[in-house]
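Asks: Below you will find the structure I want to go over with you.
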Amino acid sequence: MNHLRRDMAPISTTAWAAIDDEIRRALPTFLSARRLVDFSGPHGWECSSVDLGRTEPVQQLANGVEVAERQSLPLYELRREFEIELREIDAIDRGAKAIDLEPAVDAARAIARVEDDLVFNGQSTAPASGITVASSAHALALELDASQIPAAAAAAVDALRERGVGGPYGVALGSDCHGAVMTRTDDGYPVLEHLRLVLDDGPIVAVPVIDGALVLCLRGGDFELVVGEDFSVGYRGHTDTTVRFVLEETMVFRANGPDAAVPLRFADSAAPTAP
Amino acid sequence: MDLHESADSLSAASLDAHRAIRSIMEEFEAVDWYQQRAEATDDVELRRVLEHNRDEEKEHASMTIEWLRRHDPALDRHLRTYLFTDAPITEVEARAEAQDADAPPATDLGIGSLRKEQEA
């Protein structure tokens, strides 16, 4: 048995499979960052930090000896508990098809959002800062008119090329931008198609945790999601009527090449104009 | 090619494996010969030359073993079990099997990277 304590849960192998499958289907629909940034792992539950390859001096020279501290980035442990009614679990074993596993889906939605938030918005301190923070010096303005999003993305691609950052490129769209891109036309031509041309068919990904948009390079090496334990479901406890589970992962995000992304920000916080 | 079966009945992969195995045999046979000759000679300079040649053959054998490992999954598995270990050789396999039994089964959901799927 390991730290997930799955063997202690009072449920059958069939029920475990049903819960795992439900979350396995749900997570990819909620996860955005994994569609755009490099993925390193899974490195296992025991992985606690990522080496940065740098040192910080911690002591003055004494008798000619220099003391420096190796720098590393600790992984975060993300956990979200959820409860499933025991009667639903019993129904799985009877072969029922319509099972209420919504709490498991809710947990998947919540933990996926936190992973995306750490990747795109991050923590305040470098190098664990998210892409929008790490690359903020390169931000460009975004017009309120949704039809201008492809032009802004083209300007971002030009800026990246100017810095010597080659493609392929992808774009992360905040909720408002994504909705506008999916629905708007510009002189009868779909904004989505225009954006596809700009990105040379690179990925266009909805990222609800950001405002505006973000054009980033996908050549690899610039933005890296490091995962220790990938999403796993464990057992926490139970009562007479419910079983409590936990959905968890360990991860950290590294912005190795902040120059490889261009945030697109609205001049003010207003969303694109409605059709 | 010193085959035990007709070449027509053997695959190209088996023939290449045969070539590699024969080559490894010849390299180690040369190692053995050089070792004996180096030890037997009274000429110091000749001994040095023979020892040098003997160790060159070890390099050739190693390169060919590596080729064979890359093309033979069972050999790869066994070499990974036995090579570069410290335990008594007759205990290596038992210890490796015990370690495999103790290793927890993979319990994550296998989500990994989603980058290959492009959205629109």
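Rule-based calculations on the coordinates, nothing more; no lab input. Bear in mind the structure is a predicted one, so any value in this text is a computation, not a measurement. Don't worry about glycine lacking a Cβ; one is built from the backbone with ideal geometry, like all the others, and counts go over all protein chains shown.
Asks: Treating only the Cβ of Lys, Arg, Asp and Glu as charged (+1, +1, -1, -1), what charge dipole size does the protein assembly as shown show about its Cα centre? Round to the nearest 20 debye.
Replies: Dipole of the protein assembly as shown, to the nearest 20 debye: 1080 debye.
Asks: Among B:R69, A:R5, which comes first, second and so on when ranked by fewest other beta-carbon atoms within 10 Å?
Replies: A:R5, B:R69
Asks: Which ordering of A:H3, A:H138 is given by a fewest-first count of other beta-carbon atoms within 10 Å?
Replies: The order, fewest Cβ neighbours first, is A:H3, A:H138.
Asks: Let me ask you something else. Which Cα, out of B:L79, A:G257, B:A40, lies furthest along the positive dipole direction of the protein assembly as shown (beta carbon charges, K/R +1, D/E -1)?
Replies: It is A:G257.
Asks: Here's a follow-up. If you average 1/r over all unlike Cα pairs in segment A:160-225 and invert the result, what Kirkwood radius do you get in angstrom?
Replies: After inverting the pairwise mean of 1/r, the radius is 12.6 Å.
Asks: Between B:D86 and B:W67, what is the label-point separation in nm under the 7 Å Cα-to-beta-carbon projection?
Replies: 3.5 nm
Asks: OK, next. Charges at C-beta only: +1 for Lys and Arg, -1 for Asp and Glu. How large is the resulting dipole of segment A:199-260 about its Cα centre, in Debye rounded to 20?
Replies: So the magnitude is around 220 debye.
Asks: Under unit Cβ charges (Lys, Arg +1; Asp, Glu -1), what dipole magnitude, rounded to 20 debye, does segment A:147-189 have relative to its Cα centre?
Replies: That gives a dipole near 160 debye.
Asks: Provide the net charge surrounding A:V58, with neighbours chosen by a C-beta distance below 15 Å and charges set as Lys +1, Arg +1, Asp -1, Glu -1.
Replies: After counting each charged neighbour, the total is -1.
Asks: Over the Cα atoms of chain A, how large are the radius of gyration and the largest Cα-Cα distance (Dmax), in Å?
Replies: Every Cα atom of chain A included, Rg and Dmax give 22.3, 76 Å.
Asks: Given R₀ = 35 Å, what would the calculated FRET efficiency be for B:R19 paired with A:R54, taking r from the Cβ atoms and rounding to 0.05?
Replies: 0.10
Asks: Oh, and also: May I ask you to compute the full-extension gain from A:R70 to A:R87, defined as 0.36 nm times their residue separation minus their alpha-carbon distance, rounded to one decimal in nm?
Replies: Contour length minus Cα-Cα distance gives 0.9 nm.
Asks: Moving on to the next point. Positive end of the charge dipole of the protein assembly as shown (Lys, Arg +1 and Asp, Glu -1 on Cβ, about the Cα centre): tell me which of A:L142, A:V226, A:T29 has its Cα farthest that way.
Replies: Farthest along the dipole direction, towards plus: A:L142.
Asks: Using the count of nearby Cβ atoms within 10 Å as a rough guide to exposure, how do B:S113, B:S62 rank from fewest to most?
Replies: With the sparsest Cβ surroundings first, the list reads B:S62, B:S113.
Asks: Got a sec to turn the phi values of segment A:71-78 into Karplus ³J(HN,Hα) couplings, 6.51 cos²θ - 1.76 cosθ + 1.60 with θ = phi - 60°, whole Hz, x for Gly and Pro?
Replies: With coefficients 6.51, -1.76 and 1.60, one gets 8, 8, 10, x, 7, 8, 9, 9 Hz.
Asks: List the trypsin sites (Lys or Arg not before Pro) within segment A:14-119 that fall in a DSSP loop (any state other than H, G, I, E or B) and whose Cβ has at most 11 other Cβ atoms within 10 Å.
Replies: The qualifying sites are A:R94, A:K97.
Asks: Rounded to the nearest 5, what % of DSSP beta bridges with both residues in chain A are antiparallel?
Replies: Expressed as a percentage, antiparallel bridges in chain A total about 80.
Asks: Could you go through segment B:66-73 in sequence order and give the Karplus-derived ³J(HN,Hα) for each residue, using 6.51 cos²θ - 1.76 cosθ + 1.60 with θ = phi - 60°, rounded to whole Hz, and x for Gly and Pro?
Replies: Those phi angles translate into 5, 4, 5, 4, 5, 10, 9, x Hz.
Asks: From the phi angles alone, apply the Karplus equation (6.51, -1.76, 1.60; θ = phi - 60°) to segment A:44-53 and give each ³J(HN,Hα) in whole Hz, x where the residue is Gly or Pro.
Replies: Values, residue by residue: x, 4, 6, 5, 10, 7, 10, 5, 9, x Hz.
Asks: In whole angstrom, how long is each semi-axis of the equivalent ellipsoid of chain B, when you take the square root of 5 times every eigenvalue of its Cα gyration tensor and sort them from largest down?
Replies: 41, 24, 17
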